[in-house]
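The values are calculated or read from the model by the stated rules, or taken from the named source; none is laboratory data. Just so you know, these numbers come straight off a predicted model, no measurement behind them. Here the Cβ positions follow ideal geometry from the backbone for every residue, glycine too, while neighbour counts run over all protein chains shown.
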Amino acid sequence: MRILVVEDDRKIANAIKKGLSQENFAVDAEYDGQEGLGSALTIDYDLVILDRMLPGVDGIEVCEKLRKNKYKGPILILTAKDKIKDRVVGLNAGADDYLIKPFAFEELLARVRALLRRPQQAIQSVLKVSDLILDTINFEVKRAKKAINLSSKEFALLEYLMRNPGRILTKDNIIAHVWDYDADILPNTVEVYIGYLRNKIDKPFRKSPNLIETARGFGYKINKSE
């Protein structure tokens, strides 16, 4: 899952980015409203964390413009303004949640996960395809009841595939949701990580059907076969 953080306090922005990255999210950070708006309208983010008081374009205006441009993902506003009328303004602008500064990272993380689990986003915390199970809360993967150890990037890639069972995902789709724009992406990076996953979830389970399939010239998909 890919998240955008728009926060002019670089210390806060970088702390949020570091913390969420350690939780296996791909995270980008922008430090003013105009840049944040541009990124959110250009890249398909799964969630936006937005500071209210931003240079360039105010956070409320960014939120309104995102909704007017049909951004449907959840928006979480961060602010030092704690009065009810201030929260109402943010929610009326299209925000889904509101977190008052200062806050504990644990609360931010809980709110992020709650937003991503909302029914309209079709986000589940436990994913199942055939005999493969992935638990996004406990970071556990099992196939045929056998635990599988994955790196954080392998986990993120498998999660994205499993959230789109049967759908062919292009390399661009995968990069956009699994890697942030600071990552060192080589032309064969996706192929390499698909290979890592096959070595862990397909090859050791010869009695079960292969789940990861290559669509030549198009991309990759995970089969929905039971």
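Could you figure out which of (1) closer than 24 Å to Val5 by Cα; (2) in contact with a strand residue (DSSP E or B) (Cβ under 8 Å, 6 or more places away or on another chain); (3) in contact (Cβ under 8 Å) with a residue 40 or more places away in the chain isn't true of Asn164?
Tallying (1) closer than 24 Å to Val5 by Cα; (2) in contact with a strand residue (DSSP E or B) (Cβ under 8 Å, 6 or more places away or on another chain); (3) in contact (Cβ under 8 Å) with a residue 40 or more places away in the chain, Asn164 fails exactly one: (1).
Somewhere in segment 199-210, is a residue in a strand (DSSP E or B) and of a type outside the set (A, V, I, L, M, F, W, C)? Give the steps one after another, and end with the answer.
Applying the first criterion (in a strand (DSSP E or B)) to segment 199-210 yields none.
Taking every residue of segment 199-210 in turn, none turns out to be in a strand (DSSP E or B) and of a type outside the set (A, V, I, L, M, F, W, C).
Would you mind finding the one in Val57, Val88, Val112 that is buried (at least 22 other Cβ atoms within 10 Å of the Cβ), not aromatic (Phe, Trp, Tyr) and not assigned by TED's automatic domain parsing to the domain that holds Ile174? Break it down into steps so the answer makes sense when it comes.
On the way: Val57 fails: buried (at least 22 other Cβ atoms within 10 Å of the Cβ); Val88 fails: buried (at least 22 other Cβ atoms within 10 Å of the Cβ).
So the residue among Val57, Val88, Val112 that is buried (at least 22 other Cβ atoms within 10 Å of the Cβ), not aromatic (Phe, Trp, Tyr) and not assigned by TED's automatic domain parsing to the domain that holds Ile174 is Val112.
Please find, within segment 119-163, the residue that is modelled with the highest pLDDT out of those that are among the basic types (Lys, Arg) and farther than 18 Å from Ser208 by Cβ. If you could, list the steps in order and put the result at the bottom.
Going through segment 119-163, the residues among the basic types (Lys, Arg) turn out to be 128, 142-143, 145-146, 153, 163.
Now narrow it down to the ones that are farther than 18 Å from Ser208 by Cβ: 153, 163.
Numbers: Lys153: 92, Arg163: 89.
Restricting to residues being among the basic types (Lys, Arg) and farther than 18 Å from Ser208 by Cβ, the top hit is Lys153.
Would you be able to say whether some residue in segment 107-114 is more than 17 Å from Met1 (Cβ to Cβ), at pLDDT below 90 and either touching a Cys at 6+ places or on another chain (Cβ under 8 Å) or not hydroxyl-bearing (Ser, Thr, Tyr) (or both)? If you could, list the steps in order and put the result at the bottom.
Pass one, segment 107-114, residues more than 17 Å from Met1 (Cβ to Cβ): 107.
Add one more test, that the residue is at pLDDT below 90, and what stays is none.
No.
Would you be able to say whether some residue in segment 167-183 is farther than 22 Å from Ala40 by Cα and in contact with a strand residue (DSSP E or B) (Cβ under 8 Å, 6 or more places away or on another chain)? Write out each step before concluding.
At the first step, the residues of segment 167-183 found to be farther than 22 Å from Ala40 by Cα are 167-168.
Applying the additional criterion that residues be in contact with a strand residue (DSSP E or B) (Cβ under 8 Å, 6 or more places away or on another chain) yields 167-168.
Checking segment 167-183: at least one residue is farther than 22 Å from Ala40 by Cα and in contact with a strand residue (DSSP E or B) (Cβ under 8 Å, 6 or more places away or on another chain).
The rows are residues; the columns are (1) among the basic types (Lys, Arg); (2) touching a Pro at 6+ places or on another chain (Cβ under 9 Å).
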| site | (1), (2) |
| --- | --- |
| Thr170 | no, no |
| Tyr181 | no, no |
| Ile194 | no, no |
| Asn199 | no, no |
| Lys207 | yes, no |
| Lys221 | yes, yes |
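Just a yes or no: is a residue in segment 98-106 at pLDDT 90 or above, of a type in the set (Gly, Ala, Ser) and more than 25 Å from Met162 (Cα to Cα)?
yes
Name the single residue, out of those in segment 181-198 being surrounded by 19 or more Cβ atoms within 10 Å (Cβ to Cβ) and in contact (Cβ under 8 Å) with a residue 40 or more places away in the chain, that is nearest to Asp131 (Cα to Cα).
Leu197
Can you name every one of the strands (runs of 3 or more DSSP E) wholly within segment 18-122 that holds 3 or more residues which are free of Cβ contacts under 8 Å to residues at least 24 places away in the same chain and touching an Asp or Glu at 6+ places or on another chain (Cβ under 8 Å)?
Working: elements: 26-30, 47-51, 75-79, 97-100.
In segment 18-122, no matching strands (runs of 3 or more DSSP E) lie anywhere.
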